[in-house]
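Right, one structure below, let's go through it.
The values are calculated or read from the model by the stated rules, or taken from the named source; none is laboratory data. This structure is a prediction, so every number in the text was calculated from the model and none was measured. Reconstructed Cβ throughout: ideal geometry from the backbone, glycine too, with neighbour counts over all protein chains shown.
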Amino acid sequence: MVPHLITALHGPLLELEQRVLDANTAIERWFRLRWLAQEPPFYCSVDVRNSGFKLAPVDTNLFPGGFNNLGAAFMPLAVQAVTTAIEKICPEAKNLLLVPENHTRNRWYLENVATLAAILRQTGLEVRLGSFLNREKTELETASGKKLLLEPLQRNGLRLGVEGFDPCAILINNDLSAGVPEILQGLEEQVLLPALHAGWATRRKSVHFAAYDEIAAQFAQLLQIDPWLVNPYHARCGEIDFHARAGEECLASNVAMLLEKIRLKYLEYGVKEAPYVAVKADAGTYGMGVMMVRDPAEVRDLNRRQRNKMAVVKEGLAVTDVIIQEGVHTVERIEEQAAEPVVYMIERHVIGGFYRVHGARAADENLNAPGMHFVPLAFEQSCTTPDPHANCDAPPNRFYAYGVVARLALAAAGLELERTVPAQ
């Protein structure tokens, strides 16, 4: 599926894509050296926005939950990537325990679990599913009718498994928003993927994008481009209480500051769009705790419904810190509906992606919201292999650029996790 771009692309993006293509060899070597120096997370998905004048990540998820949206064509790449990752982490692995989210009534999420388990099994691993909540074996049905057996987790000293099953590695597909359960702590004899501090109980988006600032600056120096073309501005406000209206001035002043910075960049590049920012809970996912702001007054005058929406995120956790992030318009359309690419990676490999599409949302709104749907995007021949004989905006080359930006976010996630390892 190739997106329709509703407006003519501005010069900077075409120039950026051309620079990416011209520097393909240098870019791949740069990434190769990066991975030698720093381990990437086991898996990752990145939401990318293409504004026609800018190409940047807006969210990085270390517990991706949409493998079912990728399409069958990407499976060989995924299996190969998992095989490579497991060989590095636990080369003699035979058994792997997959621990999914607690919201097992979401049959589409269960479809993701089934797809992920199928990928893992094709690498020669015996895979079982373990649950924090279930006290007995439970059979669940996915959206397509597949059957999954969820088993209660059992702790045996420093090891975790399910009845009759002792895994070498434990893959968590639960973002740990509500905290790290005691049963997962102190597992010194098994490999946990990803590390526990990758969960939203401790992870912060502002820390991730601070790491991304560094990665983007290094990449921009390699390509001799303005870092802003691949990096959204951002700021942070702590000690927020939306119910008590505490922290509103911090929020309003940071919104005003970022909007002015964006306006100056828009003037520099001749961009006619109206600037906006996204105010997001600094920890959390599923598009919760997000609002788009175009004027500082909007965060001073939130009504009760808006405050309630921003005050809590997944698991009912209160929002006390927010990141204010430059809004990046999307010029991509699927059947005339606003769309954005989501790129999936396993270890350091781009394995595929899909478009998140929302028919009721505009180019400057959050598409990760009820009413969205997904369109598989065949990245298997394009994200990692540009076509040097085609135009820079041909689909294989545009998709390669998406993969490059996603890998920049992956590198930032690796740097972020390295710097936030809990003290022993």
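Observations on the structure shown:
- Wholly enclosed strands (runs of 3 or more DSSP E) of region 227-342 bearing at least 3 residues closer than 18 Å to VAL207 by Cβ and in contact with a Lys or Arg (Cβ under 9 Å, 6 or more places away or on another chain): 322-326
- Pairs meeting the criteria (first residue in region 406-424 and under 10 Å from THR60 (Cα atoms) and in contact (Cβ under 8 Å) with a residue 60 or more places away in the chain, second residue part of a loop (DSSP other than H, G, I, E, B) and among the aliphatic types (A, V, I, L, M), beta carbons under 8 Å, at least 6 apart or on different chains) are ALA413/LEU62.
- Qualifying residue in region 69-82 (condition: aromatic (Phe, Trp, Tyr), more than 18 Å from ALA169 (Cβ to Cβ) and buried (at least 21 other Cβ atoms within 10 Å of the Cβ)): yes
- If you go through region 126-141 and keep only what is closer than 18 Å to ILE170 by Cβ and either at pLDDT 95 or above or not hydrophobic (A, V, I, L, M, F, W, C) (or both), you end up with GLU126, VAL127, ARG128, LEU129, GLY130, SER131, ASN134.
- Looking only at region 87-109, and only at residues there that are touching a residue at least 12 places away in the same chain (Cβ under 8 Å) and out of contact with any helix residue (DSSP H, G or I) (no Cβ under 9 Å at 6 or more places or on another chain), the one that is nearest to VAL180 (Cα to Cα): LEU97
- Pairs are defined by a Cβ separation below 6 Å, a sequence spacing of at least 6 or placement on different chains, a first member in region 192-220 that is among the polar types (S, T, N, Q), and a second member that is surrounded by 16 or more Cβ atoms within 10 Å (Cβ to Cβ); the pairs so defined are SER206/ARG236; SER206/ASP282; SER206/ILE323.
- Among residues of region 188-209, those that are out of contact with any His (no Cβ under 9 Å at 6 or more places or on another chain), part of a loop (DSSP other than H, G, I, E, B) and either farther than 15 Å from LEU98 by Cα or at pLDDT below 90 (or both), counted: 7
Rundown of residues vs (1) among the aliphatic types (A, V, I, L, M); (2) modelled with pLDDT under 90, yes/no style:
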site: THR320; (1), (2): no, yes
site: PRO341; (1), (2): no, no
site: ILE351; (1), (2): yes, no
site: GLY371; (1), (2): no, no
site: LEU377; (1), (2): yes, yes
site: HIS389; (1), (2): no, yes
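- Identification of strands (runs of 3 or more DSSP E) wholly contained in region 61-169 with 2 or more residues that are aliphatic (A, V, I, L, M) and in contact with a Leu (Cβ under 6 Å, 6 or more places away or on another chain) yields 95-100, 126-131, 147-152.
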